[in-house]
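K.L.:
My structure is below; once you've seen it, I'll send some questions.
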Amino acid sequence: MLIYNFGYAMELIQDDLVKMMFWVRVQNLGIHLIGPSWLLFVLSLSGNERWIKPNRVAILYAMAFPFLITSQTLGGANLFHTNPRVNFSGGFPTFDYDRTWLNYLALAYYSLCIFSSIVLFTQMFFRFPHSFRSQIAIFGVASLLPWIGGSLYIFEITPANIDTTPLTLTLSLLIFLVGFYHFGMLDVLPLARDIIFEGMSEAALVLDHQNRILDFNTRLGRIFKEIKLSDVGTSAKELFKEYPALVRFMDDEVGEKMEFSITTENKESFYEAKRSNLFRVGHANAIGKAIILHDITPLKELMKKLEVLATIDSLTQIYNRYSFQELAEAEIYRVERYGGELSLIILDLDHFKLINDQYGHPAGDATLVHVAQLCRRLSRQSDLIARLGGEEFAILLPETSLLDAICAAEKLRAALEQTPVEYEGQRFSVTASFGVSSWKPPERSTFLDLLKAADRALYVAKQDGRNQVWAK
């Protein structure tokens, strides 16, 4: 366009045919490359870069090459500009020539390239959201103007044989420049919407290098109710200031992934955010960034369930042996460091196998649940209750002496004896034997020491007739 405009400007200030023809030849070095170059530019701008292949580019310019070569015969064979002459009919001398089929063929090819560009912009207009349509419409008009100018000149409709194409090309160039700087089209192209937004299940936010909002999809709007289409172009940091973790993530130069939670309507949702820089093809510097939010709430809920399953006995809903041992060891460490007392009660149901044989295994399960509930009801909030396995239970009592632990065990033994199990209309009694031990270094300074001592006491209680409490 610049070659064409400069050559035409130099032509207009000449009054000698030879000099005019020289500058016309210069003009034509640019004229015949505008059509294919324009089409390639719009293909890139509209997100159709996949169509730009070396062989296709070669074909586009090869089709313009005959017009370029024939135009350079001006002053000799005059294949493209037949009967060249100076036209003095206007206010100043202009270059004129007779149009032939070659000129109209060149116009047809030029028009085809420009028309294809307009079609691409039209497709963009209907495919992209309203926030992009104003700039797309402007660029579509900018593509239409040089086609109008070229057609008016070739069909000799312009006054005084003035070539209006350079003027319309200049107007188009100005429109594009305004669009580039006003809309930031060369910072992040609408291509981002095609690549990121179409058909994706995650929420997406596109920012420029100054963290201004360029676009977002509807899924993001479902998460952040406050964001609207009118927020395009505004500061994302200001809009999301109530989410400081997300704001920090926008400029975090170290991590490209983070997790954060949002609480709305008494519901906490968890998201994994991933940030990717956006680059223009062939450039090394990032021109923006895309932040993708993936809802990981189901995963978090599953992890919580797995954590519960790993620490809680699924039947009785009290601690299992593994988690109970970890908590007990932590409690022993606290007593070792700060002093105090600590006791352990273990109990084993008497003749539990008879319950399973007589009433069935579901009744046995109901019995285990009954015992766990009774232990919870008669224990303090600070006590740790667990099912060690089978029909064996344990209670760790912080800040409790051996004597007090024996009293607590006896109270539980009596309550268990006096509270029958009710299952599907059946009532039956259950008893348990108890073993009690207390922390007493150095011979009892670990959880296993406590457990072994209480187990020995339990063994004595069972040997002595069951349904009783023994201590070691």
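The values are calculated or read from the model by the stated rules, or taken from the named source; none is laboratory data. Treat the numbers as computed from the prediction; the structure is a model and nothing was measured. Neighbour counts are summed over all protein chains in view; Cβ atoms, including those assigned to glycine, are modelled from backbone coordinates with ideal geometry. The accessibility values were calculated without ligands, DNA or RNA, using every heavy atom of the protein model including side chains. Shrake-Rupley method; radii C 1.70, N 1.55, O 1.52, S 1.80 Å.
K.L.:
Counting only the backbone N, which residues of the range 308-348 are under 18 Å from the spot 7 Å out from the Cα of THR446 toward its beta-carbon?
P.N.:
322-337, 344
K.L.:
Let me ask you something else. If R0 is 51 Å, what FRET efficiency do you get for ASP252 and LEU105 from their C-beta distance, rounded to 0.05? Don't skip to the answer; put the middle values down first.
P.N.:
Values: r = 58 Å, r/R0 = 1.13.
Step by step, r from the Cβ atoms, then E = 0.30.
K.L.:
Measure nothing fancy, just the Cα-based angle from helix 165-183's long axis to the longest principal axis of the chain, in degrees from 0 to 90, nearest 10.
P.N.:
20
K.L.:
A further question on this structure: Could you check the simple spin-label distance between ASN55 and LEU354, using points 7 Å along Cα→Cβ, in nm with one decimal?
P.N.:
Once both label points are built, they end up 9.1 nm from each other.
K.L.:
Using only the alpha-carbon atoms, how far is helix 321-338 inclined from the longest principal axis of the chain? Give it as 0 to 90 degrees, nearest 10.
P.N.:
Helix 321-338 sits roughly 80 degrees off the main axis of the chain.
K.L.:
Give, in nm to one decimal, the length gained when the segment between ASP464 and ALA77 is fully stretched (0.36 nm per residue of separation minus the Cα-Cα distance). Let's see the in-between values first.
P.N.:
Working: separation 387, 0.36 × 387 = 139.32 nm, distance 12.78 nm.
So the chain would gain 126.5 nm between ASP464 and ALA77.
K.L.:
Counting only heavy atoms of protein chains, what accessible area per residue, in Å², does the chain have with a probe of 1.4 Å?
P.N.:
Values: 24630 Å² over 472 residues.
Each residue of the chain exposes 52 Å² on average to a 1.4 Å probe.
K.L.:
Given a cut-off of under 8 Å on Cα pairs at least six residues apart, what relative contact order in percent is computed for the chain?
P.N.:
On the way: 711 pairs, mean separation 40.2, N = 472.
Computed over the chain, the figure is 9 percent.
K.L.:
A further question on this structure: Using 27 Å as the Cα-Cα cut-off, could you pick out the over-long pairs in LYS228/LYS305; LYS228/LYS257; LYS225/LYS274; LYS225/LYS257; LYS305/LYS472; LYS300/LYS452? Walk me through the numbers before you get to the answer.
P.N.:
Numbers: LYS228/LYS305 36 Å; LYS228/LYS257 25 Å; LYS225/LYS274 21 Å; LYS225/LYS257 23 Å; LYS305/LYS472 38 Å; LYS300/LYS452 39 Å.
Pairs exceeding the cut-off: LYS228/LYS305; LYS305/LYS472; LYS300/LYS452.
K.L.:
Hey, another quick one. Let me know the shape class of the chain, please: from the alpha-carbon gyration tensor, a ≥ b ≥ c as square roots of the eigenvalues, rounded when a/c is under 1.5, otherwise prolate if a/b is greater than b/c, or oblate.
P.N.:
Numbers: a/c = 5.33, a/b = 4.52, b/c = 1.18.
Taking the square roots of the gyration eigenvalues as a ≥ b ≥ c, the chain is prolate.
K.L.:
Further question: Magnitude of the Cβ-charge dipole of the range 290-402, K/R +1 and D/E -1, about the Cα centre, nearest 20 debye? Don't skip to the end; give the middle numbers.
P.N.:
On the way: 11 positive and 17 negative charges, 62 e Å.
Here the size comes out at about 300 debye.
K.L.:
While we're here: Using +1 at the Cβ of each Lys and Arg and -1 at the Cβ of each Asp and Glu in the chain, identify which of ILE332, ALA62, LEU120 lies farthest towards the dipole's positive end.
P.N.:
ALA62
K.L.:
Continuing with the same structure: Put +1 on the Cβ of every Lys and Arg and -1 on every Asp and Glu Cβ in the chain; which of ASN48, LEU107, HIS209 then has its Cα farthest towards the positive end of the dipole?
P.N.:
Result: LEU107, furthest along the dipole toward the positive end.
K.L.:
Show me 431-444, 145-158 ranked by packing, highest mean number of other Cβ atoms within 10 Å first. Let's see the in-between values first.
P.N.:
Working: 431-444: 20.3, 145-158: 17.4.
Descending packing order for the listed peptides: 431-444, 145-158.
K.L.:
Next question, about the same structure. Give, rounded to the nearest 20 debye, the magnitude of the charge dipole that the chain has about its Cα centre when Lys and Arg contribute +1 at Cβ and Asp and Glu contribute -1 at Cβ.
P.N.:
On the way: 45 positive and 52 negative charges, 133 e Å.
Approximately 640 debye in magnitude.
K.L.:
Give the angle, between 0 and 90 degrees and rounded to the nearest 10, that separates the Cα long axis of helix 17-45 from the longest principal axis of the Cα atoms of the chain.
P.N.:
20
K.L.:
Ok, one more. Quick check: pseudo-label points 7 Å beyond the Cα along Cα→Cβ at LEU299 and ILE175, how many nm apart are they?
P.N.:
Output for this residue pair reads 4.7 nm.
K.L.:
With all protein chains present, how much of the accessible area of the chain (probe radius 1.4 Å) comes from carbon and sulfur, to the nearest whole percent? Walk me through the numbers on the way to the answer.
P.N.:
On the way: 14620 of 24630 Å².
Ligands and nucleic acids excluded, carbon and sulfur give 59 percent.
K.L.:
Moving on. Can you give me the long-range amide H partners of THR234? Hydrogens built in the peptide plane at 1.01 Å from N, cutoff under 5 Å, separation of 5 or more residues or another chain.
P.N.:
Close amide H contacts, sequence-distant or interchain: ILE213.
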